[in-house]
Amino acid sequence: MNIDNPWMTKFGALSPFKQVAIMVGMAVISSDILAVLGFYIVGLETPYRVAAVTTGIVVLVSLPLGAFLVALNFKLKQLAEQLDLESRKDDLTGLLNRAEFYLQTQRLFASSRPIDSAGALLYIDADHFKSINDRYGHAKGDDVIHELGRVIKSNIGERDLAARIGGEEFTVFLTDADLGRANWISHKILIAIRSISKELELDATPVTVSIGVALHTPGQSLEEALAVADKYLYSAKHQGRNRVVYG
């Protein structure tokens, strides 16, 4: 089944009335042709021959129409899945969007044991990002955001979650991570991001981030954990940026 068939695409773009009219018309024409052939070739003198020809017509007409409808339904399902996936992600980075990050992280919180930490939160913000947009334009700023997302994604594990939650703000949840692993990954991200300026030919304009790290404590809500990480992020900004602050 070729879901990219141009005829199927054109058919799917028609109104429901036209789609039904075309399918009924094809069925009628096909049935008439088969009935005439059956009359001259087989003959319809007995009820058994009438039943046999009728059965053959139904099968021969319904098979291609059924295959067409199955293929069209398959395409619609794929499009629905694609749209659903895209609605959960940030267009510019491919990371999760805010709503999906909150949903998945809250599920992890709920599934963890009440006496255990679910992991660690990283709150990441690009330093002096407005100056990049002002100097190089928003297109180049978008390139920087895209690269920030790529670097973050490439430095976390498969079970970890990363999202872009604002213009140049990102969050990461490191599943089951302790403060040592969170600090290690944060510094990996911090160092890797410093190469973006050279890769995008931003001359002497450095691309850096500040990162606040908070360990989730048992019973703590996502909003509470994010507030703690945001507090450490603010501290990193206050201390001169381009650093990791945790507690």
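The values are calculated or read from the model by the stated rules, or taken from the named source; none is laboratory data. As the structure is a prediction and not an experimental result, all values here were calculated from the model. Heads up, the Cβs are rebuilt from the backbone with ideal geometry, glycines too, and the neighbour counts pull from every protein chain shown.
Restricting region 7-38 to residues that are closer than 18 Å to Asn73 by Cα and modelled with pLDDT under 70 leaves a set whose member that is surrounded by the fewest Cβ atoms within 10 Å (Cβ to Cβ) is Trp7. Checked against the criteria, Gln78 does not count as assigned to a helix (DSSP H, G or I) and either among the aromatic types (Phe, Trp, Tyr) or at pLDDT 70 or above (or both). Glu168 - would you say it is acidic (Asp, Glu) and farther than 30 Å from Ile115 by Cβ? Taking the combined requirement at face value, the residue satisfies it. Scan region 169-207 for residues that are of a type in the set (Gly, Ala, Ser) and touching a strand residue (DSSP E or B) at 6+ places or on another chain (Cβ under 6 Å) and the total you get is 3. In this entry, Ala120 passes the filter for residues that are within 19 Å of Tyr246 (Cβ to Cβ), touching a His at 6+ places or on another chain (Cβ under 8 Å) and crowded, with 19+ Cβ neighbours inside 10 Å. Listed here are the strands (runs of 3 or more DSSP E) enclosed by region 155-247 that have at least 3 residues being touching a residue at least 40 places away in the same chain (Cβ under 8 Å) and surrounded by 15 or more Cβ atoms within 10 Å (Cβ to Cβ): 161-164, 169-175, 209-215.
In this structure, does Asn133 turn out to be in a helix (DSSP H, G or I) and touching a helix residue (DSSP H, G or I) at 6+ places or on another chain (Cβ under 6 Å)?
Values: in a helix (DSSP H, G or I): yes; touching a helix residue (DSSP H, G or I) at 6+ places or on another chain (Cβ under 6 Å): yes.
So Asn133 passes the test.
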